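This report concerns only the one structure given below.
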Amino acid sequence: MEVKNIGYLIINKKYNYMDCYIEFLDSKNNFRKTRKEFSSYEIAYNWMIKNIEKSNIDFIKYI
């Protein structure tokens, strides 16, 4: 198993592991539930603030 440490991100090459995800209703996908995965909480939080209008930290869930 090859693991790389790049700053605060740890990338697991074998399993392509994701730490957390956000599930939301996507208007581009006919308001169906969509799941977006992230490698860290900080990346998920920054994406949520930019892309979701009424964001809440409870949207971010861990795998």
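If I ask for residues that are of a type in the set (Asp, Glu) and surrounded by 13 or more Cβ atoms within 10 Å (Cβ to Cβ), which ones from region 34-51 would you list?
GLU37
Filter region 5-63 down to the residues that are of a type in the set (Val, Ile, Thr), at pLDDT 90 or above and not in a helix (DSSP H, G or I) and list them by number.
Of everything in region 5-63, those that are of a type in the set (Val, Ile, Thr), at pLDDT 90 or above and not in a helix (DSSP H, G or I) turn out to be ILE22, THR34, ILE52, ILE60.
The values are calculated or read from the model by the stated rules, or taken from the named source; none is laboratory data. Not measured: the values here are computed from a predicted model. Using ideal geometry, Cβ is built from the backbone for each residue, glycine included, and neighbour counts are taken over all protein chains shown.
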